[in-house]
Amino acid sequence: VRLAFNRDDLDGRSKEGKAVKQFLASRQIKPKKSHEYQAKGLLELAQEQKEYISNNCSTMTGLEIAKILFKNEGLTNLSQETRSVLEYMKNIPTNIKFNNSENENASTEEYRPPRSEERMIAKINKYILDGIDKNKITHKTKKDINSIIGYMNTFRFSHQINLYDDEKDRELFESSFVRYTYDKSDLSRVIDAARAVVIPADRSSLHVIPQEFKVDDQDGIRDPIGMMGTRLEAKVHIVTAAQSALQNIARCCAKRNLTPSHYVLQPLASAKAVLSKDEMELGVALVDIGGGTTDLAIFQNGSIMHTSVLPLGGAHVSQDLAIGLRTPQSEAERLKIAAGCALKSLVASSETVEVPSVGG
């Protein structure tokens, strides 16, 4: 290509290069390749790695196993490590199935997981007594449905359920999974019981956030789903709000043709935006100083421990400066930003600031 067009910047991907390729192909001429791809050889796996592959090859793909064994999330199916795992997996028997050749109910097809919300709702209503009302689906319910759909479409779930060739066995496996992952009636009842605490008539319950659970005599449990017991207790953090405040927010939204779907306490929203899971786990206090209020949220062991909204903010400081120094509000705000300091030891005794009075 470069000799024909007398240009060193051309290659086989250019328009001229494609024209040369087409001409050579029409003459059945096979040009010499500029370079040959040489695949890297396979790695020698350690005995521990081989045992891990043998124990998990029935529920995991070769790529998933390779990422764990070599601690590298950037691996692909073409990586040397993945090809080494796949090559070893070829020698492992894969004909293990819980089947019976004489079973009349044996299925001849692979299991087809639900991919739509409608099919998933039908399965939930089939296996759970108090299922889902299609006309009353909340945002949280929709999120739970899509979460189950996502897991039932993974390789692990499909491979595991296909180990059973009997339709009844597959249905039992599927029903157990759906009940375990979706049905949380015991958990809902204990949280609803906590919500029933007596609060003043002019306030509404905004959040009921579980801090920890207790199953029989075992406390300090974060997630009791799947545990067996006769008594379930919950320690919760209840957040209430003045009904008048909620009504004012709703009226403001209505003026712009908006309807609030739910209300969230501002410290919790701020925490979700700026705090990491590790910070909440180790313990952290979030202080958000605004214009009219200061929001406080304290987390420990991954749960909210305390929330508070103090009726004091930056605007109050500016107003106090304006009154105490007899200066306009705008000048007080400017002085606060330019010369404000919350620690006396950081200010020199000789330091001065100019304060304009009202009216110049």
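The values are calculated or read from the model by the stated rules, or taken from the named source; none is laboratory data. The model shown is predicted, which means the values in this text are computed figures rather than measured ones. Glycine gets a Cβ as well: all are built from the backbone with ideal geometry, and neighbour counts include every protein chain shown.
Couple of notes before you dig in:
- Only one of the listed residues (Arg231, Arg222, Arg256, Arg326) is within 30 Å of Pro356 (Cβ to Cβ) and charged (D, E, K, R). That residue is Arg326.
- Residue match in the stretch 245-260 (condition: within 24 Å of the chain's Cα centre (by Cα) and not polar (S, T, N, Q)): yes
- Qualifying residue in the stretch 68-85 (condition: modelled with pLDDT under 80 and out of contact with any helix residue (DSSP H, G or I) (no Cβ under 6 Å at 6 or more places or on another chain)): no
- Considering Tyr182, Tyr151, Tyr127, the condition of being under 30 Å from Leu63 (Cβ atoms), modelled with pLDDT under 80 and crowded, with 16+ Cβ neighbours inside 10 Å is satisfied by Tyr182 alone.
- Filtered residue count, the stretch 12-46, keeping only those that are under 49 Å from the mean Cα position of the chain (by Cα) and modelled with pLDDT under 80: 11
- Restricting the stretch 99-114 to residues that are surrounded by 11 or more Cβ atoms within 10 Å (Cβ to Cβ) and out of contact with any helix residue (DSSP H, G or I) (no Cβ under 6 Å at 6 or more places or on another chain), the residue that is modelled with the highest pLDDT: Ala106
- Of all residues in the stretch 225-241, those satisfying the criterion of being outside any strand (DSSP E or B) and either surrounded by 14 or more Cβ atoms within 10 Å (Cβ to Cβ) or not hydroxyl-bearing (Ser, Thr, Tyr) (or both) are Ile225, Gly226, Met227, Met228, Gly229, Arg231.
- Checked against the criterion of being assigned to a strand (DSSP E or B), in contact (Cβ under 8 Å) with a residue 40 or more places away in the chain and touching a strand residue (DSSP E or B) at 6+ places or on another chain (Cβ under 7 Å), the stretch 242-255 has at least one qualifying residue.
- The listed residue being surrounded by fewer than 15 Cβ atoms within 10 Å (Cβ to Cβ) and either closer than 30 Å to Ser244 by Cβ or at pLDDT 70 or above (or both), out of Leu172, Leu206: Leu172
- Applying the set (1) farther than 18 Å from Ala245 by Cβ; (2) surrounded by fewer than 14 Cβ atoms within 10 Å (Cβ to Cβ) to Pro260 leaves exactly one unmet item: (1).
- Gln319 falls short on exactly one of the conditions (1) crowded, with 16+ Cβ neighbours inside 10 Å; (2) under 30 Å from Val264 (Cα atoms), and that condition is (1).
- A residue that is assigned to a loop (DSSP other than H, G, I, E, B) and in contact with a Ser or Thr (Cβ under 7 Å, 6 or more places away or on another chain) occurs somewhere in the stretch 215-224.
- Any hit, the stretch 284-301, residues being without any contact (Cβ under 8 Å) to a residue 12 or more places away in the chain and assigned to a loop (DSSP other than H, G, I, E, B): no
- Of all residue pairs spaced 6 or more apart or on separate chains, those with beta-carbon atoms under 9 Å, a first member in the stretch 339-354 that is within 26 Å of Pro328 (Cβ to Cβ) and a second member that is aliphatic (A, V, I, L, M) and in a loop (DSSP other than H, G, I, E, B) are Ala339/Val347; Ala339/Val353; Cys341/Val347.
- Tallying residues that are aliphatic (A, V, I, L, M), modelled with pLDDT of 65 or more and surrounded by fewer than 12 Cβ atoms within 10 Å (Cβ to Cβ) within the stretch 185-201 yields 3.
- Close pairs (9 angstrom Cβ cut-off, 6 or more residues apart or separate chains): within 20 Å of Arg179 (Cβ to Cβ) in the stretch 208-227, surrounded by fewer than 17 Cβ atoms within 10 Å (Cβ to Cβ) and among the aromatic types (Phe, Trp, Tyr) anywhere: Ile225/Tyr180; Gly226/Tyr180
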